[in-house]
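The values are calculated or read from the model by the stated rules, or taken from the named source; none is laboratory data. This is a predicted model, so every value here is computed, not measured. Every residue, glycine as well, gets a Cβ built from its backbone with ideal geometry; the counts of neighbours run over all protein chains shown.
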Amino acid sequence: MRVTIRQHTGLLLAMRFSKMEGPLCRSCGVAIHRDMTTKTLAGGWWSPVSLVFFGWATLLWNLFVHVRLTRLPQPSPSPTGVVMDPGRPVFRRPAAYVPLALPALWLTLYFWNQASSTY
Ligand SMILES: [Zn+2]
């Protein structure tokens, strides 16, 4: 199936958009999806525009891709013999929990900024 899986990284004032495009079988699709979604969860929030928009947009996009991938049948052994191991689900990867620490981090940055601008 032809899919485009996306990854977003916010770096304060810069942003990076990555994607993996191609006809993928279920195993490879899920493997790449899990990797890129986890990286977006970990790194997709570190610029203001990313936090407000691109982080969510990327995750939402990948969510739709995930639904399409799970409708595919399990792959038959591929002619090349190369089938990626899907690996652990996203929520069993520690990096997926970075967003839980976000409110604290952004609040710290905010107050630090406020405190330093009073001088
Ligand atoms: Zn494959």
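Quick look at the values:
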{"item": "Selection count where residues are away from the ligand (no atom under 16 Å from the Cβ) and either part of a helix (DSSP H, G or I) or not β-branched (Val, Ile, Thr) (or both), scope the range 1-20", "result": "13"}
{"item": "Of all residues making up the range 1-59, the number that are among the aromatic types (Phe, Trp, Tyr) and within 21 Å of Pro94 (Cα to Cα)", "result": "3"}
{"item": "Leading residue by the ranking (modelled with the lowest pLDDT) among those in the range 1-21 that are out of contact with any helix residue (DSSP H, G or I) (no Cβ under 9 Å at 6 or more places or on another chain) and closer than 24 Å to Met84 by Cα", "result": "Arg2"}
{"item": "So Phe64, is it on the phi < 0 side of the Ramachandran plot, out of contact with any helix residue (DSSP H, G or I) (no Cβ under 8 Å at 6 or more places or on another chain) and loosely packed, with under 13 Cβ neighbours inside 10 Å", "result": "yes"}
{"item": "Subset of the range 21-46 (residues that are more than 12 Å from the ligand (Cβ to nearest atom) and either farther than 30 Å from Gln74 by Cβ or not in a helix (DSSP H, G or I) (or both))", "result": "Glu21, Gly43, Gly44, Trp45, Trp46"}
